[in-house]
Amino acid sequence: MSELIIDKITTRDGSNVGAIVVADIDELLLLNTNKEINTTAIVKDSDRGGVFIYDGAQSGVNNGGTIFNGWVRQYDGAVNVKWFGAKFDGVTDDTVAIQAANDAAGFNAIEYPYAVAIVTDTIYIKKSIIGNNCLFKFNDLTLQKATLNISSVTGLSFSDFQIDGQCTVVSGAANQDPTNWSTQYDSFLGGGGIFCNQISNCVFENMFIKNTSSGALKLTKSNNCTVNNLRTQRTRSQFGDGMYVGYNSLNITVMNSRAYDFTRMGFITGSSKNISFVNCRASYGHNQGKDYGGTEYNAGFWGEPVSEFTVEGCVAENTNRGFIHVSENVTAYDFQSDYHRGIFNSCISLENNIGFELNSWTGSLNCTVSDCKSISSVDDAIAYSAICQSGGNSTVFTFENCYGYIDDVSGSDRMSVFNIENEDSGASTACQVNITNCIGKIGNAAPCNYTGYNNGDITFLEKTAGTYGKLDLVVDNYVGLHGAAYIKNKYSTNTDVRIEVNNTKNIITTAPYPTASLFVDEIEFNNCTFIESTEISAGAKVTLNKCSIVDGGTFTTRAIELIGDLNIFGGRLSHYPTSSDTKKPIFRMNIHGERDIAADNYMIRTNYADTNKPLFILTGSLYNSGAATATNAFVYSQTAGITECIGLVVDASVTYSLKEVSTLKNLTNETIAVMH
């Protein structure tokens, strides 16, 4: 702040005049009351001094800083808060003086010095803040109040200042956390951060808020505001958020900001529309509230409910959840009728239990996660989670160009790159989940070495036993860097799941349980490769288009209909529909296969109920890569009646193409050829 230097005093017409010189404001107020209009006085006080001109029309006005019983301060630009008596010496209580400056009329901005102000109660801010990196230090640890309150203002800016709430656990010293979170997770006193209500077109910039007994910055019922370079640290209590935007706020952008050491959320928005977080970071979040009696989990970035929710270029680390978008029907939400949409783009989740979660809790949700990374080595980690609870086909979750790495060093029972829960049991249409061009890696050991259904690249989980709904899942070009793409399902009876898998290699669907299977209604694989044991219990149909079974893998399905075009290289295909099903099974496959039949017996196995013979159509070519055999066959049927083929070419080194129960025979219409 510049020093006041006076060379001369002039009137408005440019002529020089004399001036009364006094030491301080008290002397100014003692001047003879019979003053002429435009009498000039100079106050020499270094903090409150300046040039004053007397205006008799304002003789009854004294705002404590710019007008003293008619003496009107002459200044340009922002008002100096010290003019109102604030000391900013780190000792004196400046609460009253700062409030007086904000209550005074006739100006819109207050400049604060690079120093420390002690405050002991909430200050109601009504002017723009030019902070010069000043510090507001809350010094009453018997209260739990916001340090600053900004309400019903428009077009103001607040920049370059700090707040230290000095919050403490009850009866503790400043900045003290409880030794027992279970009984005192919500027992904090001291200053809170900034509470804003019904503000518009305002800008917040370059703020550092720490040690608060509640959230650092909270905006409610506000619109068209921007927050840039907000830093928060050690925000406490059940609602200890770095920043909260909610209660029908609209068009709020937060950028280049960081929340560190928070007990609930780093950045959260609820019941709002068009909220954006750009290049922000939330780290070291605690979960004391949920773990010790609170009601909500901890997360880096949380939206619930919010329409048009954008999180871009952000990082969440060391929290329970990294990024989450949840739909919710809230009657007091002005934008409830809007379609809830969201996007997480180019974000990174580090060391969180759940990296990204999309959840249509009560209401449809359309959300996309693109070009993101989720990396974690904590217990029970999930990189990406899609929870379909309502909305039917209006709920669409898309994951594209994403990378997930889970390395659970303790080997717990849940490790998923993508976990899907479909619980919308009341919907007549299916929730849609798309996983496109994604890469996953599960460290420590291959997932098939674990005993849980919840370990794998793509897993299905019923959160509530027996509660599940319709789901359409499309997987395209998924790569499992650990050597396989594990698709697992915990459901035992759900037949409302339809899956399409495209351009994906090394698929395993049932490990670690040889007798278990992926329960779905319909599943289609296009240009995919299967290794090891794969079992599909599809109620209606399995389609294999331009797929391969390799390296000793076995593809088994209980679907009524099995169709497609398949290559088999050292693997096997098994088709045996559930015997209780009354529909006629269909086997319509074009297979080009190679296997050592002499050493490993059959390439194709079937098992159909004796009372329900299938439509069995087999084309293609079957080659024996081993020695000639007259005791083993290409096709093994566990029931009689499988005799038909169309245009099938079989290797002459295998005497019989079919083993029906225990009888060796040949398929009809087959062509025998010598193959090399």
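The values are calculated or read from the model by the stated rules, or taken from the named source; none is laboratory data. Note that this is a predicted model, so its numbers are computed, not measured. Using ideal geometry, Cβ is built from the backbone for each residue, glycine included, and neighbour counts are taken over all protein chains shown. We work out accessible area using only protein heavy atoms, side chains counted, and drop any ligands, DNA or RNA first. Shrake-Rupley method; radii C 1.70, N 1.55, O 1.52, S 1.80 Å.
Data overview
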| read-out | value |
| --- | --- |
| Some residue of the stretch 595-602 being in contact with an Asp or Glu (Cβ under 7 Å, 6 or more places away or on another chain), modelled with pLDDT under 95 and surrounded by fewer than 18 Cβ atoms within 10 Å (Cβ to Cβ) | no |
| Given (1) within 21 Å of ILE129 (Cβ to Cβ); (2) part of a loop (DSSP other than H, G, I, E, B), index of the condition PRO178 fails | (1) |
| Failed condition for ALA101, given (1) part of a helix (DSSP H, G or I); (2) touching a Phe, Trp or Tyr at 6+ places or on another chain (Cβ under 7 Å); (3) closer than 23 Å to VAL21 by Cβ | (3) |
| Some residue of the stretch 156-178 being open to solvent by 10 Å² or more (accessible area, probe 1.4 Å), within 24 Å of THR92 (Cα to Cα) and touching a helix residue (DSSP H, G or I) at 6+ places or on another chain (Cβ under 7 Å) | no |
| Candidate set: the stretch 205-254, residues that are in a loop (DSSP other than H, G, I, E, B) and of a type in the set (Lys, Arg); chosen: the one most open to solvent (accessible area, probe 1.4 Å) | LYS221 |
| Close pairs from the stretch 307-325: first at pLDDT 95 or above, partner part of a loop (DSSP other than H, G, I, E, B) and open to solvent by 10 Å² or more (accessible area, probe 1.4 Å), Cβ under 7 Å, at least 6 apart | GLU312/SER346; GLY313/ASN279; GLY313/SER346; CYS314/ASN279; GLU317/GLU351 |
| Selection within the stretch 549-565 - assigned to a strand (DSSP E or B) and surrounded by fewer than 24 Cβ atoms within 10 Å (Cβ to Cβ) | VAL550, THR554, THR556, GLU561, ILE563, GLY564, ASP565 |
| Residues of the stretch 52-70 that turn out to be open to solvent by less than 30 Å² (accessible area, probe 1.4 Å) and either touching a Ser or Thr at 6+ places or on another chain (Cβ under 7 Å) or closer than 16 Å to PHE107 by Cβ (or both), as a count | 8 |
| Any hit, the stretch 364-380, residues being touching a residue at least 40 places away in the same chain (Cβ under 8 Å), farther than 23 Å from ILE442 by Cβ and not hydroxyl-bearing (Ser, Thr, Tyr) | yes |
| Condition broken by ASN366, with the remaining ones in (1) out of contact with any helix residue (DSSP H, G or I) (no Cβ under 8 Å at 6 or more places or on another chain); (2) modelled with pLDDT of 75 or more; (3) among the polar types (S, T, N, Q) satisfied | (1) |
| The stretch 123-144, subset open to solvent by less than 60 Å² (accessible area, probe 1.4 Å) and part of a loop (DSSP other than H, G, I, E, B), residue farthest from ASN102 (Cα to Cα) | LEU141 |
| Residues located in the stretch 25-45, provided they are under 58 Å from the mean Cα position of the chain (by Cα), open to solvent by 50 Å² or more (accessible area, probe 1.4 Å) and touching a residue at least 40 places away in the same chain (Cβ under 8 Å) | none |
| Tabulated pairs, the stretch 216-244, first on the phi > 0 side of the Ramachandran plot and of a type in the set (D, E, K, R), second open to solvent by 20 Å² or more (accessible area, probe 1.4 Å) and part of a loop (DSSP other than H, G, I, E, B), C-beta under 6 angstrom, 6+ apart or interchain | LYS221/GLN198; LYS221/TYR247; LYS221/ASN248 |
| Of all residues making up the stretch 583-608, the number that are at negative phi and in a loop (DSSP other than H, G, I, E, B) | 8 |
| Counted residues, the stretch 461-509 - those being within 28 Å of VAL550 (Cβ to Cβ), modelled with pLDDT under 65, basic (Lys, Arg) and in a loop (DSSP other than H, G, I, E, B) | 1 |
| Residue identified as β-branched (Val, Ile, Thr) and open to solvent by 20 Å² or more (accessible area, probe 1.4 Å) among THR120, THR147 | THR120 |
| Scope the stretch 353-386; condition open to solvent by less than 10 Å² (accessible area, probe 1.4 Å), under 22 Å from TYR478 (Cα atoms) and aliphatic (A, V, I, L, M); matching residues | LEU358, VAL369, ALA381, ILE382, ALA383, ALA386 |
